[in-house]
Structure formats: C-alpha cells, structure tokens
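Report on the following structure.
All of the numbers you see were taken from the coordinates with simple rules; none came from a lab. Remember, it's a predicted structure, so these values are computed and weren't measured experimentally. Cβ atoms come from the backbone with ideal geometry, glycine included; neighbour counts cover every protein chain shown.
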Amino acid sequence: MGLGSVAEVDHVSGHGYANIAVRVFHDDAGNASPFLLFPIDIVSSSDKSTIASLVARSIGEMVALEKQSLKACRMALKTLAPMFVDRGQATLERLDFLFDGSGNRKFHAELMLVQKDLSTVRCREVAEDVPTLVKLIRHSLIEHDQNMTVLEEIGSPLNRLRATSLAASVLDLIGLDRVELMLDINGDDKLEFLVADTSLPFASGSFQFEMGILQCSLAMRNQQCWFDKDRLYLANSPELPASIQVGLAGKPLTDFLSIEGLEFEAEIFSVSRLARFLVIELGLPQKTI
C-alpha cells in the first residue's frame, strides 16, 4: 500500500490470526514504541482499499494523539511490568495498539507463557483499557504459575507431554499421536472424539489438560460404565457390603473389574454409592508420551 516509504511496516501472524503492523513513531524515552495492528480477515478475501483507508485514517489519529498514545503505552507497561518479575518463564513480548474493523483502538499484548501441556506458547490479550488488560493477563499468569508448579514438581522438560495411564492407553487405541492431539485440541484445552471401531469398548470420549496432565473421559458402548478422568461410574451394580468396599482400597482395578479391549494401570482409592451408581475413585499413574 506504499506505506513502507513513510513508516515501518510488518506482517504479524500466528495460529488463526493475521495483522498488518505499522510503527508510526518511536519512543526515545523508553521501550514503549507500539505498533498499530490492523486485523486481516484470513477466512474471506480482504478488501485492500478498505484496509488502506482504515490504516491511513488510524495513522493520522495516532500522529495527532502521539503524546497521549505514548503516555498510555508507558502507563500500561509500568502497570504490567511488575507482574512479570520473578517469573522467568513468563515474558511480556510486546504491547501494541490494535484497531478493529470499526476503527476503535484497543490495547494488544503478546505474552510468552507455559501452558497446560508444559510447553511454552505465545498468547494474545486484547482489551479496551488497562484495568481490563491487567485482569486478563493476571488470569493467564495464574494458570501459568500453576503449570510451572507442576513443572517444578515433576522436573519434566517443556517439550514433553505427560498423560494418565488411561489417557495414554486410549491415545494408542484410537491411533492419535501427540502431534495430532496438539493440533486438534481447542482453546479450552479439550478434544472430543468419536470411535468408529466397534471392537473397542468405548464409543466416544474427550481428552483434556488439567495441571499439565492429559486426562481422559469415556462413554462406554454398553451404557453401564463411564469414565470421568480419575473416577469410574458403574450403573446397576449390586450393593457391596461396607467391608468389601473398604477391602478394595489399594488394590489394582483389574482385580475387581475387567474391561475387554481397555487395559491400563489403575489402583482403587475408594468405592462408594451414588444413587444407582457404584463410584470408584482411581489412582492413575502418569506416563511421558
């Protein structure tokens, strides 16, 4: 669009988004030198004349409000910077202004954090004002700190994936590898799936990350058994005497129940009744996959 001769122009993109980035001015007083970001519709064809008009108009507004814009950026950085102190794995990569399709200016922050599968990820937060941005980033940092706690406890490399014995077994049975899982999992760290192979005892299920560990829930084909991560529900099970229920604690699940086609390590923590269900709390060892 001919902007390269008058401003620093870049193309910023990632998973599911793309932006035109224009640096209108530099802040020699500090590190606050924000870009202007203009979202590009990556699904449908973008109208170049519309984008050019929005960019030109927004640059004009920023130049007219240069002092106010730099002051707003400095104040935002001053507020955000302390949140990253003593967080070696969390960094504030950049703070820019983003203009939406209506020309409204918002704050745009890029962060590098540790996510639930204990790998590093670049994430984005967008807010209309600094208090809202702080609230969003604080929430992200809380999750980051939880994941770092898990990382420190297990001492696992950031590029390794840990899963319960049930989740690892199901991954093998449905033929889904780690790479496919990470590509397909959604923004809620969850992946639901259906199973066409009728030889397997489960018809559907879901994977989800919790505290850095891949968990698994399953709906069995016989409709009498459900797995909910580390809990097993058995429907229409006979009443068990309290003595037998206590005696099962600490024993392998296979001593009590055999599920053809589904083999995994599990220890019974406790057995209880809930309405017509027998509820078995499981201890599932973790595996690195």
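GLN68 to GLU210: FRET efficiency via 1/(1 + (r/R0)^6), r the Cβ-Cβ distance, R0 51 Å, to the nearest 0.05? Walk me through the numbers before you get to the answer.
On the way: r = 44 Å, r/R0 = 0.86.
With R0 = 51 Å, the Cβ-Cβ based efficiency is 0.70.
Site pair ALA81 and GLU180 shows an inter-label distance of 4.8 nm when each label is modelled 7 Å from Cα along Cα→Cβ. Ordering of 86-92, 189-195 by packing is 189-195, 86-92, highest average first (other Cβ atoms within 10 Å, averaged per residue).
Note on SER119 and ARG273: the extension gain reaches 51.5 nm, defined as 0.36 nm multiplied by sequence separation minus the Cα-Cα distance.
Annotation for ILE289 and GLU260: the two label points, set 7 Å from Cα along the Cα-Cβ direction, are 2.5 nm apart. The label-point distance for ARG231 and GLN89, in a model that sets each label 7 Å from Cα toward Cβ, rounds to 2.8 nm. Net length available on complete extension from ASP172 to SER199 is 8.3 nm, with 0.36 nm assigned per residue and the Cα-Cα distance removed.
Placing R0 at 35 angstrom, the Cβ-Cβ distance between MET112 and SER49 gives a FRET efficiency of 0.45 after rounding to 0.05.
Quick check on the range 197-237: take the gyration tensor over C-alpha atoms, sort the square-rooted eigenvalues as a ≥ b ≥ c, and tell me if it's rounded (a/c under 1.5), prolate or oblate. Oblate shape, in that a/c is at least 1.5 and b/c is the bigger or equal ratio.
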